[in-house]
1. Given the structure, is B:Thr273 touching a residue at least 12 places away in the same chain (Cβ under 8 Å) and in contact with a Lys or Arg (Cβ under 8 Å, 6 or more places away or on another chain)?
2. Which numbered condition in (1) within 27 Å of A:Met164 (Cα to Cα); (2) modelled with pLDDT under 95 is the only one that B:Asp53 fails?
3. Would you mention how many residues in the range A:381-398 are without any contact (Cβ under 8 Å) to a residue 60 or more places away in the chain, away from every other protein chain (no Cβ under 14 Å) and under 19 Å from A:Gln26 (Cβ atoms)?
4. Among the residues of the range A:272-287, is there at least one that is assigned to a strand (DSSP E or B), over 19 Å from the mean Cα position of the chain (by Cα) and buried (at least 24 other Cβ atoms within 10 Å of the Cβ)?
5. Which condition number in (1) closer than 17 Å to B:Gln293 by Cα; (2) modelled with pLDDT under 95 is the one that B:Phe62 fails?
6. Based on what the data block shows, is A:Thr419 under 14 Å from the mean Cα position of the chain (by Cα), surrounded by 24 or more Cβ atoms within 10 Å (Cβ to Cβ) and hydroxyl-bearing (Ser, Thr, Tyr)?
7. A:Ala390 versus (1) over 30 Å from B:Leu42 (Cβ atoms); (2) crowded, with 19+ Cβ neighbours inside 10 Å: which is the lone unmet condition?
8. Among (1) free of Cβ contacts under 8 Å to residues at least 24 places away in the same chain; (2) open to solvent by less than 20 Å² (accessible area, probe 1.4 Å), which single condition is A:Leu267 missing?
2 protein chains.
Amino acid sequence: MRKFLLLTTALGLFTFSSRLLSQPAQTARYEGLARQIVKEALGSNSAYEMLRDLCTTTGHRFSGSSGAAKGVEWARQKMEELEFDRVWLEPVMVPRWVRGPVEEAFILYPSGKKEQLNITALGGSVGTPKEGLTAEVVEVRSFEELHKVGSKAKGKIIFFNRPMDRSLFNTFEAYGGAVNQRGAGAIEAAKAGGVAALVRSMTTRLNDSPHTGGMGYVDTIPEVPGAAVSTLGAERLSEVLAEGKPVRLHMRFSTQTLPDVESANVLGELRGTEMPGEVIVIGGHLDSWDKGQGAHDDGSGCVQAIEALRLLKKFGLKPKRTIRAVMFMNEENGLRGGIAYAEKERPGERHIAAIESDMGGFTPHGFGIGDSTAHAKLLRWAPVFSFFAADRFQLGGGGADISPLARQGVPLMNLLVDTHRYFDYHHTDNDRIEAVNERELALGAAAMAIFSYIIAEEGL
Amino acid sequence: MRKFLLLTTALGLFTFSSRLLSQPAQTARYEGLARQIVKEALGSNSAYEMLRDLCTTTGHRFSGSSGAAKGVEWARQKMEELEFDRVWLEPVMVPRWVRGPVEEAFILYPSGKKEQLNITALGGSVGTPKEGLTAEVVEVRSFEELHKVGSKAKGKIIFFNRPMDRSLFNTFEAYGGAVNQRGAGAIEAAKAGGVAALVRSMTTRLNDSPHTGGMGYVDTIPEVPGAAVSTLGAERLSEVLAEGKPVRLHMRFSTQTLPDVESANVLGELRGTEMPGEVIVIGGHLDSWDKGQGAHDDGSGCVQAIEALRLLKKFGLKPKRTIRAVMFMNEENGLRGGIAYAEKERPGERHIAAIESDMGGFTPHGFGIGDSTAHAKLLRWAPVFSFFAADRFQLGGGGADISPLARQGVPLMNLLVDTHRYFDYHHTDNDRIEAVNERELALGAAAMAIFSYIIAEEGL
């Protein structure tokens, strides 16, 4: 990338604008700052210390839970301690779905033997009958395959067992290729006459930890329970089914949907010195699933946003435009925080970019930039990020929390990271602080700081 | 990088050679192969399955141990199963140093209270007297500081407590800045009149796991024991010393240096179809320290070399030049395998490149290339590696095992990986298969396969 830059500036004297001619000096200045920021981020270990504190203070932070409420307070206090220019909450009503104490499934053999499978209810699911439900299992790999099963699906537990494609380089692409089973499995199961959906966990790893996640219902279709089974459990069940005899499964879990609860997005900002009304949002979501500690998903994105502002402040960098850290509430099961943030009237303000970190606290590789004009403009700063290998600026990007800002034409962006370990932890009991590497997390925070600062200085 | 390429080929029609003009087509061909190879590496999970098998078969593989002997046999059998064109052993005599069953250290308080510190003998160290040694502790951060201590160092345990600089982006650079304390601490301690060296473990993490590693003696200086203390232990000892009162420490461990043992390098190759006498070595070291399972260091490099050949064979790729997987013995405490490999007469053969993987089984970022001519020639193929983010081709590279080949003018290279987690595990009980991510390991193997194949096809 550097070589490309040298070439174009050498050849382009007569065609390029004066702004571009001064770019090598600006690039060098930003790189100098970036080196200081990376050094401080790694040396201080502040992002990791914050994340450890958050995770151990709150446990999980599922929307409407006491952990989420503690998380809101934690984030506000942390940013107040750090003396950001302004720190505040924006209240938002969130759904309150509650998992019951028992989640169990057994293969019932004709001999009377029972074999346990590790399952967990999917978020938003109704519970099974109190005594559980027992039915034969039909295994399919797709909705199309389920349609072909026809009337034989009636009264059955529909077992969706299409794995994430481990051969894909990008694990999010593999996730995208399998997750419709989780999101719409219960709907499709009910449409086919099934009594429940059991979905293979969304991970490329084989282990015994089930992965929860969101699922939906539609008004016109009966609501049947949906659960995830661990990948080892899925393999085992498939093996038993392969013997060709009918296989009966017993599943039992309770869930409740309670009235909405008031919660909040948490915001803190460094006010722009020249154009305070032009705002760059950086952030992630404060809520998590009700598993583990939401360390990667998305405690990491939250502490990186706070750390990014801390880093800028530490070096006395006062951005021309406002950089605002937003910790959104309820990304996982409602997106209420993201919607409320975008819908709120903000007189005198214009968002010029929104940058989300919600792919886990892993080694940053660069940024995804959803807007082609913004991508073209920002590409010139990629060399600033080369020394710490975070210079891949790809066209295409965004994030769930910031997606409602798209309607206002705000360019959406996100931190790109190494994705290989994300689905080892995603939505499971294992998404804990121990699964986060402190250096990887810190580098992501540094990347967010530098990227948002350049946009705040240069505009878009 | 792609853009640079397009520009130069567009502009360079009259100045560049015809070979370069045909490069886009060649690049596209290699990228097509690379995509298949990456898909197979990830999809099959073969490298990880091999590494799990190696680690559980051998435990650690310290030179001269039964684990090392099992490792030699495992590697030979594995490559024979895979039906490489030729598989063989090259015997080499290796040193045999043996750690004793007890390794202990206590801070002795005037009250009679004892506080345990976690230590481990450094590789090659003499033992303490049988009953242990007890002495006051002097803490220093450098050899220079020790020199200034002067006669007060006499009779003391010299505690070398300079941490690896966590603020550096490259952890190997941080290691390089601290490891002289481990390598030469016992020599410097003895020169100063000290009775032992206690060295802060080589990691940026704070935990209670001591890291072993190599240390040396010189003939003219008395041999005093050397041990590593965990970083938490080092912090604690430093804290107690900071109170300003004399601190007495008791250390006890036994070690033995036994006669050399016969072991072997393990080799397997795909014979070149056109220039079989031109050899590209790919590999890592089969031995490990006597801790954990040597999963990252360097079981990963070994299985990646085997997997690279398997991947090429799987797709029927018959390289023009020979690609040889070499699993070197005794990198950790003698380099006998690397030296023996380089010194062996090989009539009719010429090594054109040697590529080591010995930075752990982490996400590959590209290659370090020690020879500037080779770097310049190989840079044009970097775009082949872009789709899986392994296209950083840096000038500067090599590896301990292949370093003796430098005298023959062989260009030395190595797989570059994400370095952030390496020193969490390096030379400790924690370097086990569980610490390796299967996808990261597989991608490294794929990178080695593609890179070595391109060199075998294109020459250097």
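The values are calculated or read from the model by the stated rules, or taken from the named source; none is laboratory data. Every value quoted in this text rests on a predicted model; they were computed, and no experiment measured them. We place every Cβ from the backbone using ideal geometry, glycine too, and count neighbours over all the protein chains shown. What goes into the accessible areas is simple: the full protein's heavy atoms, side chains included, and nothing from ligands, DNA or RNA. Shrake-Rupley method; radii C 1.70, N 1.55, O 1.52, S 1.80 Å.
1. So B:Thr273 fits the description; yes.
2. Of the numbered conditions (1) within 27 Å of A:Met164 (Cα to Cα); (2) modelled with pLDDT under 95, the odd one out for B:Asp53 is (2).
3. Qualifying residue count for the region: 0.
4. yes
5. Only one criterion is unmet by B:Phe62, namely (2).
6. In short, no.
7. It fails just one condition, (1).
8. Unmet condition: (1).
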